[in-house]
1. Return only the number of the condition from (1) in contact with an Asp or Glu (Cβ under 8 Å, 6 or more places away or on another chain); (2) at pLDDT below 95 that residue 464 does not satisfy.
2. Looking only at residues that are farther than 18 Å from residue 271 by Cβ and outside any loop (DSSP other than H, G, I, E, B) in segment 595-612, which one is modelled with the lowest pLDDT?
3. Of all residues in segment 239-255, count the ones that are over 23 Å from the mean Cα position of the chain (by Cα), within 30 Å of residue 381 (Cβ to Cβ) and open to solvent by 10 Å² or more (accessible area, probe 1.4 Å).
4. For segment 318-325, check the following and say yes or no: at least one residue is β-branched (Val, Ile, Thr), within 30 Å of residue 501 (Cα to Cα) and in contact with a helix residue (DSSP H, G or I) (Cβ under 8 Å, 6 or more places away or on another chain).
5. Restricting the search to segment 210-238, which residues are open to solvent by 10 Å² or more (accessible area, probe 1.4 Å), assigned to a loop (DSSP other than H, G, I, E, B) and either in contact with a helix residue (DSSP H, G or I) (Cβ under 8 Å, 6 or more places away or on another chain) or of a type in the set (Gly, Ala, Ser) (or both)?
6. Which of the following residues is crowded, with 24+ Cβ neighbours inside 10 Å, of a type in the set (A, V, I, L, M) and farther than 30 Å from residue 408 by Cβ: 191, 259, 205?
7. Given the structure, is residue 356 open to solvent by less than 40 Å² (accessible area, probe 1.4 Å), small (Gly, Ala, Ser) and either in contact (Cβ under 8 Å) with a residue 60 or more places away in the chain or out of contact with any helix residue (DSSP H, G or I) (no Cβ under 6 Å at 6 or more places or on another chain) (or both)?
8. So which residues in segment 390-408 are more than 21 Å from residue 321 (Cα to Cα) and modelled with pLDDT under 90?
Amino acid sequence: MKLSPLQSRLAASLIASCLLLVLYLALFSPHFALAVELEQTFPIFIDHLDLDVDLRAESSSDAPAPSLADPAYEPEFSAFDRSILGRAPVGVTALVNNGEASMNLLEGSTQVFVFPATEGSKRDSTRGSLELRDEEGTWQGQQDDAQEPDEEQRLTRRQSSRTVFISANTCQQPQPRSPSKTTAAPPQLTLYVSTSSTNQSPGPLADAKSQVFVPFTEGAVMFNLTTKGDVYLGVHAPNLTDTFSGIYNFKVAASTDELFHSYNERDDADLIWVDSDSQGALLITHNLTSSTDPEVEAKVMSTEPYVMFAHNKNDHSIDGLRFSYCGLQTYAQIAATKNGQFASMVTTGMTKRGQGNLPKQEFYFSGLNSSSNYLGILAQPANVSDGGNDLVGVGGGGHVFRATNFSTKSDHGNCAIILNLTFCDQVAYSVPSNPSFGNSTKLAQFYDKYASSVFDNFLKSLAQIPCEAPATQRYSLARGCDDCRDAYKNWLCSVTIPRCEDFSNDAAYLHPRAISQPFPNGDVLDAATLALYPNITAFNSSRNPLIDSGIRPGPYKEVLPCDDLCYNLVQSCPSSMGFGCPRPGEIGFESSYFRRGKSSDLPNGDVTCNYQGSAHVFSAAGREGVSLWGSLVGVVAAGLGLLLI
């Protein structure tokens, strides 16, 4: 066959190319790398290396953490975005630093996540690190600028160890098929963690030697580990018995800064039960700062850093979720959150009332059941972003504190909480009351107006004392007129505004009052009960006669004022004013005062005697104490004609 000129040129070119290839192979000996040689040349890719990774659980487990395989390096090419290179495997959800993932979970199933090694510290600029109290009592609040790391920083992160904080909350859990017959909580979820590339789906069926597991505690889990590579997580839901039905919903997060969700089960409760009546309760935090600097105090007072949840202990719907912020939002009967349940039943605000006259946050709950026991749970709220429903920011998932127990009084309605008084501004507890008298505001004005009028008379007497005289002419070198004025006010508010308890309360430190009068509903004490008490004024009437004539509360029991209030009054004021105090064992003491005890030593943290700022479950270090005088004599403070009985 005869070729055309074009075909001839193509054939000649092809033959020349083949000859050149044969000549190259004959003269040179190229070396092609085999897969096994790559393994020898770059052993860093071998996933069976034991790098002795430190895995430490925040739980109470004492079991030693196993040594898990950890790839020290993963190639990072600037030409490819992370969304293309290193994409999470199918069925595995990638977590971002300080981000949160929310998932539903069926019983017996496991949801797997990966926290890539490239996720490093990146504090969200919208949320500062809020520390209300430090060792010096200084207000803390800072915001770190968030900057996107460059490629060199991302590569450095992968080559250096980092601490990874893992946390999760159960937001929804299966419910009992027969709530009236089931008091047990549903089984808890379990967190599995692996840093081995051979175990990228940790869970109950994976190799136990290449993972650790941490069961949730009351709907929450906290865990941290130190590693250089990717971290794989598995959240597993147990199989349910016929007792429960439904699904789990949980939120999980990972961070290189701090725990995103957290709780505190070891320390004392940060919430203090002040007092309660038949339908409400007043609770308060500890001091939020110990600083007396006006600017610091003003800054703290401008915040409301906490939220609170309350739940009747007879209802078991929060059992298994008491450390979960989102679980409490879902199931707690009362949630003091901005968009929480029954928010209208909660009033919160800042106050300096109480120990130290320092900033605190208080919560008043209304609409509670009488004669009931409740749990009060304090929490730092989750940080909600402006751009969506997901929670973002360092520590942005919320922190839950240990629960505080409190109870409400009976339904007689003759004890009611008053607070925010103008003169006796430290008073915040239940006082003798009557529903027909009026609301709490009117009741507070009644007591406050009377105390203020008595104090005005005292000031007229104090004005006769040469308070501004030279030191050699004053009544005391240790105390002055200001000390006398303060001591009298503390004593006056405690004795003219009695702290009220149910008449049915059998505590030995309580003193019965107005036993011969009817209750607000018309009931009276039976003859057998009346026979238990002497027919004397100390039992038949209130300390202040105006209470019986103006309010008519009926029988109640009084938490007597602390005896050191009277002793401090005598110690601080001139003897010419005629103040005196009964001593223990003398006539009038048992119906006038009670010796200050340690309420934390009692089963319920009871307040054994009344003083300004008193509350349940106070630690001994938090009380203001005044030394007792053992040599004082007298029965009545006759100077102003106020009875101490």
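1. (1) is the only condition that residue 464 fails.
2. It comes out as 601.
3. Pass one, segment 239-255, residues over 23 Å from the mean Cα position of the chain (by Cα): 239-248.
If we keep only those that are within 30 Å of residue 381 (Cβ to Cβ) as well, we get 244, 246-248.
Then drop every residue that is not open to solvent by 10 Å² or more (accessible area, probe 1.4 Å), which leaves 244, 246-247.
Looking only at that region, the number is 3.
4. Applying the first criterion (β-branched (Val, Ile, Thr)) to segment 318-325 yields 318.
Narrowing further to those that are within 30 Å of residue 501 (Cα to Cα): 318.
With in contact with a helix residue (DSSP H, G or I) (Cβ under 8 Å, 6 or more places away or on another chain) added as a condition, the list becomes 318.
Yes, some residue in segment 318-325 is β-branched (Val, Ile, Thr), within 30 Å of residue 501 (Cα to Cα) and in contact with a helix residue (DSSP H, G or I) (Cβ under 8 Å, 6 or more places away or on another chain).
5. 228
6. Values: 259 fails: crowded, with 24+ Cβ neighbours inside 10 Å; 205 fails: crowded, with 24+ Cβ neighbours inside 10 Å.
On inspection, the qualifying residue turns out to be 191.
7. The answer is no for residue 356.
8. Within segment 390-408, 392, 393, 394 meet the criteria.
The values are calculated or read from the model by the stated rules, or taken from the named source; none is laboratory data. Just so we're clear, the structure is a prediction, and the values are computed from it rather than from any experiment. Positions of Cβ are backbone-derived with ideal geometry, glycine not excepted, and every protein chain shown enters the neighbour counts. For the accessible areas, the whole protein counts, side chains as well, though only heavy atoms, and no ligand, DNA or RNA atoms are used. Shrake-Rupley method; radii C 1.70, N 1.55, O 1.52, S 1.80 Å.
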